[in-house]
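What follows is a single structure, written as C-alpha cells, with notes after it.
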Amino acid sequence: MKISGQGPVNPFQIYNQQQQLKAKGKAGAPKRDILELSPEAQKVQELARQGLALPDIRQELVDKIKSQLEANVYHVSPRQLAESIWKHMKEQK
C-alpha cells in the first residue's frame, strides 16, 4: 500500500507563519474606528448638555410663591387644580 500526499503537519510551523503574517499587517498605523454624528444628532447632544446645565429647581419661581404664601395672596383656581390633577392622571396610564 502506498500513501502519497503531504507529510506530517507541524503545528509550530503553522503558528509561526500566522504570527509573521500578523506582524506584517501591524507594520502600519493601527486602524481606528471613526464616529461621525449627523447635524441632527449634534444638535440633540448640545440640547442635552444645555438641559443638564439647567438647575433642577427654578429658584425665582419658588421665591415668588413663598412670598405670596407668606403674604396670604397665593390662590389657585380649584378648576385649574382639578384640570392639572386630571391631566397628570391621564399621563400616568
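Things worth noting here:
- Span from the segment 35-51 Cα centroid across to the segment 55-93 one, whole angstrom: 32 Å
- Taking θ as phi - 60° and the Karplus parameters 6.51, -1.76 and 1.60, the scalar couplings of segment 15-23 work out to 4, 5, 4, 5, 5, 5, 5, 5, 5 Hz in sequence order, x denoting glycine and proline.
- Rounded tilt (10° steps) of 78-92 against the dominant C-alpha axis of the chain: 20 degrees
- Neighbour net charge for Leu37 - beta-carbon separation under 14 angstrom, K R +1, D E -1: -2
- Helix 59-70 and the longest principal axis of the C-alpha atoms of the chain enclose an angle of approximately 30°.
- Helix-derived mean residue ellipticity, 222 nm - over the chain, DSSP H n ≥ 4, -39500 (n - 2.57), to 500: -20000 deg cm²/dmol
- Electrostatic tally near Lys66: other residues with Cβ closer than 15 Å to its Cβ, Lys and Arg +1, Asp and Glu -1, net -1.
- Nearest 10 degrees, 0 to 90: helix 39-53 Cα axis against the chain principal axis: 50 degrees
Every number here is computed from the coordinates shown, using simple stated rules; none is lab data. As the structure is a computational prediction, the values presented were derived from the model and not from experiment. FYI the Cβ positions are ideal-geometry reconstructions off the backbone, even for glycines, and counts take in every protein chain you see.
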